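The values are calculated or read from the model by the stated rules, or taken from the named source; none is laboratory data. Please read these numbers as outputs of a predicted model, since none were measured by experiment. For neighbour counting, all protein chains shown are included, and Cβ atoms are generated from backbone atoms with ideal geometry for every residue, glycine included. Accessible surface is based on the protein model in full, side chains and every heavy atom, while ligands, DNA and RNA are left aside. Shrake-Rupley method; radii C 1.70, N 1.55, O 1.52, S 1.80 Å.
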Amino acid sequence: MKYGYFDQTNREYVIDRIDVPVSWTNYIGVKDMCGVFNHTAGGYLFYKSPEFHRVTRFRPNGVPMDRPGHYVYVRDDDTGDYWTLSWQPVGKSLDSAKYICRHGLSYIKYQCEYSGIWGEETLFIPLEDPAEIWDVKLRNHSDRKRRLSVFGYAEFSFHRIQSDNQNFQMSLYCAGSSFQDGVIETDLFYEAGGYQYFTADGGSDDSQYFDCLRDVFIGAYRTETNPIAVERGFCSGSSELGGNHCGALRRVVELEPGQEKRLIFLLGEGNRQAGKEMRSKYCAPGFSQADSAFKALGNFWNEKLEKLQISTPHDGMNAMINTWTLYQAEINVMFSRFASFIEVGGRTGLGYRDTSQDAMMVPHSNPKKSRSRLVELLKGLTSDGYGLHLFSPEWFEKQTEAAFKSPTVVPRPQKSDLIHGLNDACADDALWLIPSIVEFIRETGELSFAEEKFPYADTFDPETGGGTSETVFDHMKKILDFSAREIGPHGICKGLRADWNDCLNLGGGESAMVSFLHHWALVHFCALGRRLGKDISKYEGMMVKVRESCERELWNGSWYTRGFTSSGRAIGSPENKEGKVHMESNTWAVLSGAASPEHGKSAMDAVDEFLYTPYGLKLCDPAFSEPDDEVGFVTRVYKGLKENAAIFSHPNPWAWAAETMLGRGDRAMKFYDALCPYNQNDQIEVRKAEPYMYCQFVVGPDHSAFGRAHHPFMTGSAGWSYFAATRFMLGLRPDFDNLIVDPCIPSSWPSFNVRRVWRDAVYDITVENPKGVSKGVVECKVNGEPVKCNSKSAEIPVQSPGTKNHVTVVMG
Ligand code: GLC
């Protein structure tokens with residue numbers, strides 16, 4: 001069953017059957033003002049922080065589903081009939097109303113045809129201004145003149161998610177609203193500068209024009225489905241100091257047959273004055289600024305996407321890589337995973353491992369943000385060499401006075417409380433940073449980044465903004481030394497609090513995954529060290545030692561053991577009844593370069609044999625059925641869900657990459673295809689979730705909901721999918737001085753093309769596969785000139801900025 005399609009030309013996912021089983025979401029805003037909304041305009045807006053600076057309120061996980069939102073109501077003033085331009089909240093019968101939702105890149109269009117009126121509400125946020133534009137168009141398709149009342153409505157938040165959800169005894173009396181000069185202003189009296197506004201073009205001073213009080217607009221014993229103001233046909237000019245506030249404005253629109261009119265509502269950050277300024281900018285007759293802001297947003301995304309465009313025989317891969325997967329990866333970097341309908345903003349900051357991985361995925365499309373994330377992470381590293389698992393970058397900026405002071409005592413953490421100890425360190429966290437830094441340098445060529453100095457988190461002095469500073473290269477050494485030091489009785493890295501798998505605590509035991517990650521980080525570090533002409537002999541020695549310990553202790557004759565509990569029990573080994581085979585140890589054995597090809601092949605064969613399902617690879621098999629705290633929380637999650645043998649998406653691309661390292665392009669594609677959301681576009685009765693997004697996990701076969709996908713958007717799966725597909729399957733890898741072409745594709749592919757912009761030069765690459773192989777490059781020419789090419793890959797030297805280069809590659 002399908003509910004929509006990929007519109008490749010407009011880069012939109014079009015939901016043309018609107019009653020999708022769960023919310024299908026999208027993100028707007030790419031800077032300070034941001035929002036997350038579903039296919040029926042339910043969702044919320046925030047400014048900088050979804051935890052501390054909500055603009056509009058959201059009632060997550062509720063009934064009715066995912067409300068409130070940013071709604072436009074239309075009322076026929078001749079009949080009294082009313083509806084919304086998004087299907088909900090009024091929810092007209094789909095027998096008489098046609099609804100479409102177009103999820104585009106940082107915008108959403110809600111379209112509706114009902115009772116002879118076509119309407120559209122476009123939500124987007126201009127690149128430069130913290131204001132949400134609701135661009136509304138209405139056209140009369142009937143043959144009679146129509147007199148309509150059009151209401152824009154949104155419910156304001158008390159800014160802090162806690163204040164919206166608990167202990168109203170202060171917040172209810174410290175927020176006020178007022179209407180003047182056509183602008184609704186809400187004032188969070190207890191916060192300096194705590195203002196929001198709602199306004200529109202062509203306002204009026206009439207009391208029927210506005211309502212600032214939610215409960216007056218909606219009415220008692222009613223919901224957003226049937227607000228009294230809409231039913232009645234006008235607002236009542238309400239405002240008050242104290243209470244729950246909304247922005248509600250009523251426009252009167254008359255339409256002759258065939259006539260179209262456009263109006264704009266504006267919801268923004270700032271006080272009445274800011275609202276007036278934004279209104280004169282975006283609502284001036286002709287709305288040209290709104291049009292150019294929308295266009296600029298399109299250009300913003302085009303520029304990013306144009307850095308890498310592919311054309312392969314695989315339509316799904318083309319659609320995902322050319323648009324959706326990069327979009328998802330970028331959104332993760334921008335939003336740092338903490339605003340969705342699942343992560344409703346109650347936990348913010350940067351997760352060390354998540355952010356390190358996210359930053360690695362977009363250095364080509366977002367070098368500035370990648371770099372600033374890397375710097376934030378470097379400052380969140382302790383001088384012991386472990387990262388702070390969850391931290392706010394502001395902690396490591398020079399102190400400024402905090403604006404919010406609640407009358408209720410909320411203890412303010414001391415600096416020492418912010419720097420957690422070894423007990424809370426996750427063994428993998430900081431290791432991810434090393435490849436991210438190296439990949440950033442490979443992409444940008446900015447070798448000098450390695451010599452820049454930053455302070456360590458535990459030495460930082462917020463008063464002066466200083467601390468013990470060392471170079472990026474030194475930070476990397478600290479991380480590697482930490483992992484070399486923190487090993488257990490088998491010589492394998494300790495798991496500490498946890499490794500990548502948050503739920504597999506291994507009770508303080510040892511983690512194969514961390515040792516393999518250590519190896520991977522060493523490979524990257526040594527490559528950089530060599531390029532910089534540094535003495536890296538210590539780390540080359542370390543790498544050999546890690547590899548030897550892994551082979552000796554983790555190879556179990558069939559695949560790679562996942563680790564050891566504190567009492568020395570092996571996990572993920574043939575002797576286990578449950579949790580016998582795990583993704584992390586086997587994929588990372590190969591991906592890290594530590595496994596021999598023979599062991600690597602049989603490890604990945606075990607992945608295929610035990611973990612493959614038609615919806616992707618399970619995290620482990622068999623699922624755990626008995627709580628066992630020595631193994632971890634994973635044993636207390638139902639079978640087939642989350643880390644307990646669900647198809648956890650994030651590690652799936654590790655397997656694609658690992659297979660390409662073994663030269664098995666058909667296997668890599670089999671795995672890619674299984675997880676690919678695009679491929680499930682017509683299986684929504686099973687998948688339920690968005691087919692344009694990777695989800696954190698897909699329910700595994702041990703559960704009755706096998707195949708159902710959960711937690712879209714905010715997952716590292718997209719970044720990894722992009723990384724594995726482009727760098728390993730299509731095989732385009734920037735190095736310090738060369739662009740490496742090393743594809744590993746299905747043998748049935750006759751050819752493919754990639755257009756890559758790298759260091760300001762364009763590489764138009766055609767790869768031919770006349771012999772139907774999966775791997776191996778026999779010839780490569782750049783602008784007709786042969787370049788260095790071993791039987792495995794080709795190396796294209798970096799070309800001058802501004803040039804367009806024609807590259808032909810022959811596999812064989
Ligand atoms: C969640 C966490 C991530 C972790 C993963 C697996 O996605 O955000 O840090 O690695 O679960 O447990």
With every protein chain in place, the chain: carbon and sulfur % of accessible area (1.4 Å):
49
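Would you mind calculating the gained length between Lys281 and Ser469 on full extension (0.36 nm times residue separation, minus the Cα-Cα distance), in nm to one decimal?
Once the chain is fully extended between Lys281 and Ser469, it gains 63.1 nm.
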Only loop residues by DSSP count here, and only those with at most 11 other Cβ atoms within 10 Å; note down the chymotrypsin sites (Phe, Trp or Tyr not before Pro) in segment 39-82 that meet that.
none
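Could you compute the net charge surrounding Leu213? Neighbours are other residues with a C-beta less than 11 Å from the C-beta of Leu213; K and R count +1, D and E count -1. Write out the running numbers ahead of the final one.
Numbers: positive: Arg214; negative: Glu155, Asp211, Asp215, Glu240.
Residues close to Leu213 contribute a combined charge of -3.
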Nearest-ten-degree value, helix 272-282 long axis tilted from longest Cα axis of the chain
80
Probe 1.4 Å, all protein chains in place: accessible area of Met170 in Å², nearest 10?
80
Please compute the length gained on full extension between Thr459 and Asp143, using 0.36 nm multiplied by the number of residues separating them and subtracting their Cα-Cα distance.
106.4 nm
When the label point is put 7 Å from the Cα of Ser566 along its Cα-to-beta-carbon vector, which residues of segment 506-521 have a backbone N closer than 12 Å?
506-510
Report, in degrees rounded to the nearest 10, the 0 to 90 angle that the Cα long axis of helix 652-661 makes with the longest principal axis of the chain.
40
Could you give the angle, 0 to 90 degrees to the nearest 10, between helix 537-554's Cα long axis and the longest principal axis of the Cα atoms of the chain?
90
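Could you work out the Rg to Rh ratio of segment 599-710, with Rh taken as the Kirkwood radius (inverse of the mean 1/r over all Cα pairs)?
Values: Rg = 14.1 Å, Rh = 14.2 Å.
Taking Rh as the inverse mean 1/r over Cα pairs, Rg/Rh reads 0.99.
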Say each of Asp666 and Ser751 gets a label point 7 Å from the Cα, pointing the same way as Cα to Cβ; how far apart are those two points in nm?
2.4
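Calculated FRET efficiency, Glu540 and Asn790, Cβ-Cβ r, R0 22 Å, to nearest 0.05?
0.50
Quickly estimate the mean residue ellipticity at 222 nm for the chain, helices only: each DSSP H run with n ≥ 4 gives -39500 (n - 2.57), and the total goes over all residues, rounded to 500.
On the way: 21 runs with 207 residues, N = 812.
Value at 222 nm, helices only, nearest 500: -7500 deg cm²/dmol.
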Counting other Cβ atoms within 10 Å, keep those with at most 10, restrict to DSSP loop, and tell me which trypsin sites (Lys or Arg not before Pro) in segment 443-519 are left.
none
Measure off 7 Å from each Cα along the Cα-to-Cβ vector at Asn302 and Asp605, then give the distance between these two points in nanometres to one decimal.
5.1
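Just the C-alpha atoms of the chain: what Rg/Rh do they give, with Rh taken as the Kirkwood radius?
Expressed as Rg/Rh, it is 0.99.
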To the nearest 10 square angstrom, how much accessible area does Glu303 have with a 1.4 angstrom probe?
120
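Using DSSP to define loop residues, name the trypsin sites (Lys or Arg not before Pro) in segment 143-220 whose beta-carbon has at most 11 other beta-carbon atoms within 10 Å. It would help to have the intermediate numbers written out before the result.
Numbers: sites: Arg144, Lys145, Arg146, Arg147, Arg160, Arg214; in loops: Arg144, Lys145, Arg160.
Loop-located and lightly packed - Arg144.
How much length would be gained if the chain were fully extended between Leu532 and Lys31, taking 0.36 nm per residue of separation minus their Cα-Cα distance, in nm to one decimal?
Length gained, Leu532 through Lys31: 176.9 nm.
Over the chain, with the other protein chains present, what is the accessible area per residue in square angstrom, probe 1.4 angstrom?
Values: 28940 Å² over 812 residues.
On a per-residue basis, the chain sits at 36 Å².
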Quick one: accessible surface of Tyr539, probe radius 1.4 Å, all protein chains present, in square angstrom to the nearest 10.
10
Measuring from a point 7 Å past the Cα of Lys771 along Cα-to-C-beta, which residues in segment 729-747 have an amide N at less than 15 Å?
743-745, 747
Taking the Cβ-Cβ separation of Ser596 and Lys398 as r and a Förster radius of 56 Å, what is the calculated FRET efficiency to the nearest 0.05?
0.65
Relative contact order, percent, of segment 589-714 when contacts are C-alpha pairs under 8 Å separated by at least 6 residues?
23
Applying the Karplus parametrisation 6.51 cos²θ - 1.76 cosθ + 1.60 with θ = phi - 60° to the phi angles of segment 755-769, what ³J(HN,Hα) value in whole Hz is obtained for each residue in order, glycine and proline being reported as x?
10, 10, 9, 9, 6, 6, 10, 9, 10, 9, 10, 10, 10, 9, 10
